[in-house]
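The values are calculated or read from the model by the stated rules, or taken from the named source; none is laboratory data. In this text, all values refer to a predicted model and were calculated from it rather than measured experimentally. All Cβ positions, glycine included, derive from the backbone under ideal geometry; neighbour counts span all protein chains shown. Accessible surface areas use protein heavy atoms only, side chains included; no ligands, DNA or RNA. Shrake-Rupley method; radii C 1.70, N 1.55, O 1.52, S 1.80 Å.
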Amino acid sequence: MPRSNPTEGSGRRTTRRTAIVAAVVTLAVAVGAGVGVLALRRHPGDDVASAPPQVTTTKVARVDLSDTRSFNGTLGFGPERVVKGAGEGVVTRLPKVGDTVARGKPLYWVNDQPVPVLFGGTPLFRTLDKPGLVGSDVRLVSDNLTALGFRTGSQPSRGTDGTRIGAGQALLTASIVAAIKKWQQSVGLEPTGTIEVGQAAVLTGPARVSTVTALPGDPVAGELLAVTEKAKLVTIPVAATEVGAITVGAAVVVALPDSSEIPGKVASISQTVSGGGSGGGGGQNGPPTVEVLVAPTRAADVAKLDAAAVQVRFTTAVHKGVLTVPVGALVALREGGYAIQLPDGHLVAVETGMFARGLVEISGTGVTEGLDVVTAS
């Protein structure tokens, strides 16, 4: 029997050993892969019960809630008011644009005679020349003379015919006639004690000349000039349906073109509604509006601006000390209305009130200050 070759046997043993090692390595890799798969499937989080989803909570707070509205406006001197002359004569001198109008001072001249200004709401519609006349025009003259420092004496309760003098009226007395003479002399007029129609211009108050339309030589009867308020104002057209929430004297915030904000207050609200026409027959288009005038609190804040587009923020309503939550805490109920959700998932029905600044006013059984509620994150 032939003897085996030692080299050949050694090669077979080496091959067998290599195969065994390869098989072990393959098994180890397979086992390792299996362990890895098992490890991936057995994530530590899988050994723990699913945690409830995290929720964001807030507390019911008691605050003063206010509702605000912003409107576009124009900074200037307010709307113009036309000044008309009356009586007969020729205009001989006129003021300049920008001149201020003061009580008792001449506004223009007719036949070289000054026409001074009186403040009030009643025009001079007749000649005041006879003691015993009663009317609102007499009251206007008397009040202005008193304001200018002239003594007009006391007023009786009844006229010379025994008729009771109504509110807003006055009796032309000898004392008023004497005061008229002194005033006329002080402004350069002949001291007749008589005031004729057109001898004084009646304005509502201190003003600034904004436009001069007449020329020297024009007849005095007609439009002569226009005036505005003396101080700068913001003019705001407000929808007639919204103006009811605005009151005279209310504080406001005015945003200027440079984004700075200044305080102001409502100076007046017009009684005239503009617009609302259909566009036909010469009517004005757009919804009906009411003109609101706002006065800056400090004139220096707008001293460098002659005219500008601004925004005015009004506080239209204030609810003091009400319970509130963020709007995101409201839950709409299927059957209608709203509820708030407690951290344990329980729903509490609420009534809503004012919405403002991302908050909502709420009330209801069990709703108290400091109560924790769920809100949107």
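Could you rank the peptides 253-265, 137-149 by their average count of other C-beta atoms within 10 Å per residue, with the highest value first? Could you put the intermediate results ahead of the total?
Numbers: 253-265: 14.0, 137-149: 19.2.
By packing density, highest mean first, the sequence is 137-149, 253-265.
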Amide proton proximity set for THR316, modelled H, under 5 Å, gap of 5+: ASP67, THR68, ARG69
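What translational diffusion coefficient, in µm²/s and rounded to a whole number, does the Stokes-Einstein relation yield for the stretch 123-211 at 25 °C and a viscosity of 0.890 mPa s, taking the hydrodynamic radius as the Kirkwood radius over Cα pairs?
On the way: Rh = 13.7 Å.
Estimated via Stokes-Einstein, D reaches 180 µm²/s.
From the convex hull of the Cα coordinates of the stretch 293-368, what is the mean projected area in square nanometres? Write down the numbers at each step before the final one.
Numbers: hull surface 34.3 nm².
Taking the Cα atoms of the stretch 293-368, their convex hull projects to 8.6 nm² on average.
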Proximal lysines to LYS181, defined as alpha-carbon separation beneath 24 angstrom and excluding residues fewer than eight positions away on the same chain: LYS105, LYS130
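How much area per residue is accessible in the stretch 196-337 when the probe is 1.4 Å and only protein heavy atoms are counted (Å²)?
On the way: 7490 Å² over 142 residues.
Value for the stretch 196-337: 53 Å² per residue.
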Whole-Å distance, taken between Cα centres, linking the stretch 97-168 and the stretch 314-377: 61 Å
Fraction of accessible area attributable to carbon and sulfur, the stretch 158-264 (%, probe 1.4 Å): 53 percent
Charge-dipole axis of the stretch 114-159 as Lys and Arg at +1 and Asp and Glu at -1 on Cβ define it, positive-most pick from GLY159, PRO131, LEU118: GLY159
For VAL197, residues with placed amide H under 5 Å, excluding near neighbours: THR127
